[in-house]
């Protein structure tokens with residue numbers, strides 16, 4: 001999986017080509033809110049987010065109960081040849097995502113999660129997982145997990161979904 | 001060797017939209033008869049499709065996407081029409097590759113009241129919609145909706161879209177399908193504290209929208225601007241936050257009888273797609289609950305979609321998380337039939 005910075009840089013460029021300035025300001029801004037958080041994270045917070053990934057969990061990344069999956073909807077890439085943060089071989093990450101806020105019971109903190117879809121192959125079909133904590137309908141697109149977030153990929157087919165920690169949610 | 005012909009249309013037919021979630025490039029619309037319990041035929045629907053019926057029921061419009069190599073390759077977005085008397089293709093309109101790809105609902109693709117226009121929702125994620133001419137099979141225009149999504153049709157030439165602020169944007173079109181005016185309503189719900197489902201339920205002059213916590217927002221779309229009726233609730237103060245609606249198609253109304261059927265379940269925040277363990281029946285005039293039908297206790301999985309026929313001896317169709325479709329007498333709640341397996345993920349149903 002490419003770095004998130006690469007993904008979002010590509011996202012901004014490609015969407016700018018396809019959308020009017022007004023719609024870019026109106027919609028893209030909120031969709032990429034989560035993306036913007038990562039480069040702004042202080043180093044200690046980013047490393048804490050990384051540490052949270054590796055802590056022992058009550059359930060692991062192949063289980064729908066895994067804490068990071070609190071607003072995921074689709075097939076877990078961990079069961080499809082990828083991991084909770086990487087796409088399976090030959091699939092492409094979506095540059096645009098929806099955002100969730102999940103509570104990590106391991107450290108008692110809330111984390112902002114980016115749910116990227118992996119695209120370009122048909123549905124994986126393994127480990128279907130639909131959780132909807134704080135999920136909103138599609139008039140709040142950045143919080144909606146029903147949209148196919150492969151929509152802006154060259155190959156827009158949906159394969160599976162990952163969950164990437166963007167940072168600690170401020171209270 | 002011959003090809004079957006469809007019998008004359010019955011109010012007890014239902015078009016069941018199968019999102020085929022395990023293989024999403026293969027959505028289907030299945031036509032099913034609630035009297036004979038037979039699958040009558042199928043309309044293919046491609047990838048993450050939306051579908052709707054023409055006002056006279058003679059045509060099906062499927063807004064969908066195909067890839068040139070099956071699951072990959074060049075993407076083509078289009079609206080495909082089917083003649084519902086034969087279930088044969090009846091033309092198509094190729095769209096810009098912007099079509100909304102989301103869960104089935106009434107407002108992904110929709111006809112104007114007179115059938116003169118078809119509207120196709122676009123999300124790239126920038127939001128807009130296409131105005132289509134289903135007679136001459138062409139795209140007439142694209143209307144920027146400034147972040148508001150979906151196409152709620154009203155009258156011969158108005159389209160409303162739902163905005164993240166809880167408002168409705170309403171665009172009026174001229175005879176050529178171009179924008180002639182737009183208005184923005186006041187917020188009619190609070191998207192932060194109690195968002196509404198986008199699966200509107202047809203009422204006489206518009207749609208009812210249910211909220212996550214069980215409020216009923218009836219919106220009259222018959223005038224130039226949407227008008228909002230006083231909000232009422234499906235739940236008592238004691239039930240609020242515990243019992244709530246939840247499903248893919250979250251309610252249906254028999255308009256003459258004024259009865260509302262809602263899949264309800266016990267659960268907290270985040271359970272709005274869990275499906276109903278019970279179906280609650282309400283009187284739309286008095287807002288009183290008339291019945292609770294404990295479908296889960298009868299052995300059904302959670303109900304994810306409901307549709308009631310509009311005739312005087314109505315059937316209630318309930319599709320479940322296990323691909324079952326149960327058929328109830330909509331007046332008594334008696335289950336008349338259980339189709340054990342109808343499609344893969346049946347998430348929306350429409351009357352013929």
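The values are calculated or read from the model by the stated rules, or taken from the named source; none is laboratory data. Everything quoted here is computed from the prediction, not taken from an experiment. With ideal geometry, Cβ positions are generated from the backbone for all residues, glycine too; neighbour counts draw on all protein chains shown.
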Can you tell me which residue within the range B:27-56, out of those that are over 25 Å from residue B:134 (Cβ atoms) and either surrounded by fewer than 19 Cβ atoms within 10 Å (Cβ to Cβ) or within 14 Å of chain A (Cβ to nearest Cβ) (or both), is farthest from the chain's Cα centre (by Cα)? B:36
Selection count where residues are farther than 16 Å from residue B:10 by Cβ and out of contact with any strand residue (DSSP E or B) (no Cβ under 9 Å at 6 or more places or on another chain), scope the range B:296-326: 1
It is to be established whether one or more residues within the range A:146-154 are over 24 Å from residue B:108 (Cα atoms) and at pLDDT 95 or above. no
Inside the range B:270-314, can you point out the residues that are surrounded by fewer than 18 Cβ atoms within 10 Å (Cβ to Cβ), touching a residue at least 40 places away in the same chain (Cβ under 8 Å) and not in a strand (DSSP E or B)? B:287, B:310, B:311, B:312
For residues in the range B:127-141 being in contact (Cβ under 8 Å) with a residue 12 or more places away in the chain and in a loop (DSSP other than H, G, I, E, B), which is farthest from the other protein chains (Cβ to nearest Cβ)? B:135
Can you pull out the residues in the range B:142-183 that are assigned to a strand (DSSP E or B) and on the phi > 0 side of the Ramachandran plot? B:150
Has the range A:116-131 got at least one residue that is at the interface with another protein chain (Cβ under 10 Å from one of its Cβ atoms), within 23 Å of residue B:211 (Cα to Cα) and either free of Cβ contacts under 8 Å to residues at least 12 places away in the same chain or touching a strand residue (DSSP E or B) at 6+ places or on another chain (Cβ under 8 Å) (or both)? yes
For the range A:135-171 the number of residues that are touching a helix residue (DSSP H, G or I) at 6+ places or on another chain (Cβ under 7 Å), in a loop (DSSP other than H, G, I, E, B) and either facing chain B (nearest Cβ under 8 Å) or on the phi > 0 side of the Ramachandran plot (or both) is 5
Restricting the range B:183-206 to residues that are under 14 Å from residue B:225 (Cα atoms), within 14 Å of chain A (Cβ to nearest Cβ) and surrounded by 15 or more Cβ atoms within 10 Å (Cβ to Cβ), the residue that is nearest to the chain's Cα centre (by Cα): B:188
From the residues in the range B:7-26 that are farther than 21 Å from residue A:74 by Cα and out of contact with any strand residue (DSSP E or B) (no Cβ under 6 Å at 6 or more places or on another chain), which one is farthest from the other protein chains (Cβ to nearest Cβ)? B:8
Condition first: part of a loop (DSSP other than H, G, I, E, B), closer than 22 Å to residue B:351 by Cβ, free of Cβ contacts under 8 Å to residues at least 60 places away in the same chain and in contact with a strand residue (DSSP E or B) (Cβ under 7 Å, 6 or more places away or on another chain). Now tell me which residues in the range B:248-269 satisfy that. B:250, B:251, B:255, B:258
Being within 14 Å of chain A (Cβ to nearest Cβ), over 21 Å from residue A:144 (Cα atoms), out of contact with any helix residue (DSSP H, G or I) (no Cβ under 9 Å at 6 or more places or on another chain) and modelled with pLDDT of 95 or more is true for just one of B:242, B:254, B:265. Which residue is that? B:265
